[in-house]
């Protein structure tokens with residue numbers, strides 16, 4: 001199994017190093033930072049962590065502000081750490097998208113299940129986001145190809161199925177991706193010659 005990397009941001013050095021040692025002993029790779037500003041440098045200099053544990057009341061840049069930076073800039077999930085079990089703070093953390101909220105003092109064996117759950121949830125979110133990206137790409141690709149086929153049907157007076165087959169045959173013969181060919185057809189139909197791949201009666205209208 002891959003080793004997960006956890007970013008730990010805590011301005012109390014004793015707590016920082018104690019948590020870091022405990023998480024490291026539990027098998028995690030730990031990145032340490034004593035402030036939000038330091039944590040930004042860590043994130044830009046090191047490999048991106050899989051999960052961040054953030055003290056809400058950091059000196060300087062607040063944990064809330066750094067969490068917003070993480071979410072918007074890198075899309076890294078996070079858990080909040082706080083000495084205060086305040087319902088309003090918990091609500092703020094949830095609204096920001098925190099995967100959990102841990103109240104100090106922290107005991108490593110007790111928080112490990114929360115960390116494992118957060119990591120699993122983070123992986124699920126990442127998969128969903130990737131699925132959305134893949135779906136968006138597929139829809140964009142489908143629209144581009146459909147537009148190109150429509151233009152060719154109008155030009156040659158062919159049916160959709162035979163136009164699609166001709167375009168696919170052209171791509172296979174020339175080792176080109178259909179989306180790239182479709183984009184060229186939309187941009188400038190004169191650059192793509194599909195005449196020899198269309199039904200025989202349409203050859204005299206070929207694109208040159």
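Values quoted throughout were computed directly from the atomic coordinates according to the rules given, and no laboratory measurement underlies them. None of the values given here were measured: they were computed from a predicted structure. Ideal geometry is used to build each Cβ from the backbone, glycine not excepted, and the neighbour counts take in all protein chains shown.
Values for this structure:
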{"read-out": "The chain: angle of helix 160-174 to the longest principal axis, Cα-based, in degrees nearest 10", "value": "80"}
{"read-out": "Between helix 36-45 and the chain: long-axis angle, C-alpha atoms, 0 to 90°, nearest 10", "value": "50"}
{"read-out": "Listed residues 78, 66, 164, most fluctuating in the chain (Gaussian network, C-alpha, under 10 Å)", "value": "164"}
{"read-out": "Cα long-axis angle, helix 13-25 against the chain (0 to 90 degrees, to the nearest 10)", "value": "60"}
{"read-out": "Pair residue 25, residue 161: separation of 7 Å Cα→Cβ label points (nm)", "value": "7.0"}
{"read-out": "Estimated FRET transfer efficiency (residue 37, residue 131; beta-carbon r; R0 45 Å; 0.05)", "value": "0.85"}
{"read-out": "Cubic angstrom per residue, convex hull over Cα atoms of region 1-89", "value": "101"}
{"read-out": "Segment residue 104-residue 13, extension gain: residue separation times 0.36 nm, minus the distance between their alpha carbons", "value": "31.3 nm"}
{"read-out": "Value in Å of the Kirkwood radius, where the chain supplies the Cα pairs that are averaged", "value": "20.8"}
{"read-out": "Whole-number percent relative contact order across the chain, with pairs defined as alpha carbons under 8 Å at least 6 apart", "value": "12"}
{"read-out": "Net lengthening on full extension, residue 91/residue 68 (0.36 nm per residue, minus Cα-Cα)", "value": "6.8 nm"}
